Amino acid sequence: MLLRRSIPFAAALFLLLPTGEVRAQSDQDRAAARSLATQGAEAFTSGRFDEAIDLLGRAEALVHAPTHLLLIARAQARLGRLVAAKETYLKILREELPPTAPAPFKRAQQDAREELAAVEPKIASLRIALEGAAGRKIGVKLDGQPVADALLGVHRPIDPGNHVVVVSPPGLAPIEQAITLADGERKEMKIPIPESPVPAPSPEGAGAGQGAWGGDGGVPPDPTPGTPERKTNLLVLGGGIAAAALGVGGVVVGSVFLAKGGATQRDANDLSARHGCESQPPAGGLECGPPIQRQIEALDADAASQRTTGVINLITGGVLLAGGATLIVLELTSRPQPSSSAWIAPYVTPTGLGVRGAF
């Protein structure tokens, strides 16, 4: 990011002034803060912006000065942390300086006002919407940091660039999506949430001879209730049912994301064809300018991410479904059978997933 001007190293000597306007606890604090500010200014002019933020933050913790905050805001802006830079600039502007404040402090406020006007239009906006959450408590992280429930479903300021959203529905594998935002771009990210898997049946439950379990919460009958062998068999069977249900969920989620990826790719292709971006040079001329090309690239990236998520979920779901079915079949065939033969089959309904069987 280009700024109107930066503070050279020599100006660090004026970052701290021993006046009554500065909240220093002692001469030692003032001396230490002055040294830290000088080092921070050196780091800034050398392009070591993270180091500059750390040193100037330490100086500010000892002795407050708007000039510390100004350099911190500039370093944040250079690193692309525009949201943090805006908040730092606002902190400078909200301070009421007395008439006797040093000239560098007043100049810092003026610079902050001008630089904030250049930073604000570049801040992007993102809305994360969870589709099908149905009031469930679902964890969401943006770039590894938890997202408060109050920020879901509404637009929030965000730094331009690449970001990753991870959604963790209870009982399901995390869903990860990547997104890229240009300067000042406003986007929405809609993430479909599949139904949670049906809990495994309780080992202490009792069946009724023939019926369904999974979504209905029943368990298969056992001729020897209360024995250790019965509990072990029910745990194995319950694990197989849970794995199969998770597998069905993975297949459903994978199919949804593959379809979504195909639709997004078609949108990118249609946009490219509409503006003549497929020819060399572009037939669209000015119509296929950088803004259109950035939109096409963003759609291509979204489509690739969605297809990758779909393939991963399909593979994982298939493995879980096969493993769960194998456990169920092995458990049923290893148990003493009553006069009627046993059968088992997974099912999917609009309200849930499960496995149904008869004994």
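Quick check on my filter: what residues within region 89-100 are touching a residue at least 24 places away in the same chain (Cβ under 8 Å) and open to solvent by 10 Å² or more (accessible area, probe 1.4 Å)?
Taking region 89-100 first, the residues touching a residue at least 24 places away in the same chain (Cβ under 8 Å) are 89-90, 92, 95, 97-98, 100.
Residues satisfying the conditions are LEU90, GLU95, LEU97, PRO98, THR100.
Working only within region 101-117, note down all residues that are buried (at least 20 other Cβ atoms within 10 Å of the Cβ) and in contact (Cβ under 8 Å) with a residue 60 or more places away in the chain.
PHE105, ASP111, GLU115
Test ALA283 against the stated conditions and say whether it is modelled with pLDDT under 70 and open to solvent by 70 Å² or more (accessible area, probe 1.4 Å). Step through it out loud before you land on a result.
On the way: modelled with pLDDT under 70: yes; open to solvent by 70 Å² or more (accessible area, probe 1.4 Å): yes.
Answer is yes for this residue.
Just one of THR67, THR45 is among the polar types (S, T, N, Q) and open to solvent by less than 30 Å² (accessible area, probe 1.4 Å); which is it?
Working: THR45 fails: open to solvent by less than 30 Å² (accessible area, probe 1.4 Å).
Selected residue: THR67, the only one of THR67, THR45 that is among the polar types (S, T, N, Q) and open to solvent by less than 30 Å² (accessible area, probe 1.4 Å).
Report yes if THR309 is of a type in the set (Ser, Thr, Tyr), at pLDDT 85 or above, closer than 20 Å to VAL164 by Cβ and open to solvent by less than 30 Å² (accessible area, probe 1.4 Å), otherwise no.
Values: of a type in the set (Ser, Thr, Tyr): yes; at pLDDT 85 or above: yes; closer than 20 Å to VAL164 by Cβ: yes; open to solvent by less than 30 Å² (accessible area, probe 1.4 Å): yes.
Yes: the conditions hold for THR309.
Do the conditions hold for ALA133, that is, is it at pLDDT below 95, open to solvent by less than 50 Å² (accessible area, probe 1.4 Å) and within 23 Å of GLY261 (Cα to Cα)? Walk me through how you get there before you give the answer.
Details: at pLDDT below 95: yes; open to solvent by less than 50 Å² (accessible area, probe 1.4 Å): yes; within 23 Å of GLY261 (Cα to Cα): yes.
Spelling it out, ALA133 is indeed at pLDDT below 95, open to solvent by less than 50 Å² (accessible area, probe 1.4 Å) and within 23 Å of GLY261 (Cα to Cα).
Applying the selection to region 137-165, what residues are among the charged types (D, E, K, R) and surrounded by fewer than 13 Cβ atoms within 10 Å (Cβ to Cβ)?
Going through region 137-165, the residues among the charged types (D, E, K, R) turn out to be 137, 141, 143, 149, 156, 159.
Hits for region 137-165 are LYS137, ASP149.
The values are calculated or read from the model by the stated rules, or taken from the named source; none is laboratory data. Please read these numbers as outputs of a predicted model, since none were measured by experiment. Glycine also receives a Cβ, built like all others from the backbone with ideal geometry; neighbour counts cover every protein chain displayed. Note: areas computed on protein heavy atoms with side chains; ligands, DNA, RNA excluded. Shrake-Rupley method; radii C 1.70, N 1.55, O 1.52, S 1.80 Å.
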